[in-house]
Amino acid sequence: DLEDPIWPVYKSTAHTAIINSIDGVAGTSSGCGAPEIVTGSRDGTVMVWDVRQKDTPVAKFVPSTEAPARDCWSVAFGNSYNNEERVVAAGYDNGDIKLFDLKTMSLRWSKCLKNGVVGIQFDRKNITMNKLVATTLESKIFCYDVKTKHHKKGFACVTEKAHSSTVWTVKHLPQNRDIFMTTGGAGSLCLWK
C-alpha cells in the first residue's frame, strides 16, 4: 500500500530460495482475466499468484525430481486475450525456455538455447500470442514467432548477436509491438524493429 508502505498488502514465503523475476497481468488494464503475478525462483519453481487469494499460489510448476533444479532467471505472461487463455514463459540458467499453459496446466513448448536466459517478454501480454523475445548470456537475442507452431520444428526464430556482452533485458514499446529495446552488460542500449 503506497499510502502506508510499512505493511505489505500481500506477502508469501512459498519459494525456498531467492525470487529472480516477477511479472504481472490482467485486472482493470486489460479488461479480462484475474489479476495475477508470476514469480520465478532460484529453487527452479515458477508460481502464479492471484492477489485476491492470500498465501497459496493458484498454479505451481515444479522441476522434475530426476534432475537438479535449474535456476529460473526470467518469467513473462502472455496470450491473455480473454478470461480463459493465459501462458507463462520462463527462462532458466541452463538455456531452457519453457512455455506453460495455465488453461490446461501443462507444458506447451520447451526449447534449450546454448546460454542462460536472463530476459524474456511477449510483444504484448493481452493479445493472442504473437512474438516472444528471449535475451541471453553471450550477447544473443532470440525472437520467436509464436503464432504458429510446426509439429516437429516448433516456432520459427530469428537470432541476433548484439551488445558484445550479456543482453540483460528486453522491453517492447507499448504503442508499437514491432519495436523493442535491449540492454547490454557494458551499458549499451539497442533499439530493434
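The values are calculated or read from the model by the stated rules, or taken from the named source; none is laboratory data. Quick caveat, the model's predicted, so the values are computed rather than measured. Ideal geometry is used to build each Cβ from the backbone, glycine not excepted, and the neighbour counts take in all protein chains shown. To get the accessible areas, we keep the full protein, side chains included, count just its heavy atoms, and leave off ligands, DNA and RNA. Shrake-Rupley method; radii C 1.70, N 1.55, O 1.52, S 1.80 Å.
Miscellaneous remarks
- Some residue of the range 149-158 being surrounded by fewer than 20 Cβ atoms within 10 Å (Cβ to Cβ), small (G, A, S) and within 22 Å of M47 (Cα to Cα): no
- Any hit, the range 58-77, residues being outside any loop (DSSP other than H, G, I, E, B), open to solvent by 40 Å² or more (accessible area, probe 1.4 Å) and of a type in the set (F, W, Y): yes
- One residue stands out among those in the range 10-27 that are without any contact (Cβ under 8 Å) to a residue 12 or more places away in the chain and surrounded by fewer than 10 Cβ atoms within 10 Å (Cβ to Cβ): the one that is farthest from G44 (Cα to Cα), which is K11.
- Among the strands (runs of 3 or more DSSP E) confined to the range 12-55, the ones with at least 3 residues that are touching a Pro at 6+ places or on another chain (Cβ under 8 Å), at pLDDT 90 or above and not basic (K, R) are located at 46-50.
- Qualifying positions in the range 94-121 - open to solvent by 70 Å² or more (accessible area, probe 1.4 Å), in contact with a strand residue (DSSP E or B) (Cβ under 8 Å, 6 or more places away or on another chain), under 18 Å from E36 (Cβ atoms) and without any contact (Cβ under 8 Å) to a residue 40 or more places away in the chain: R108
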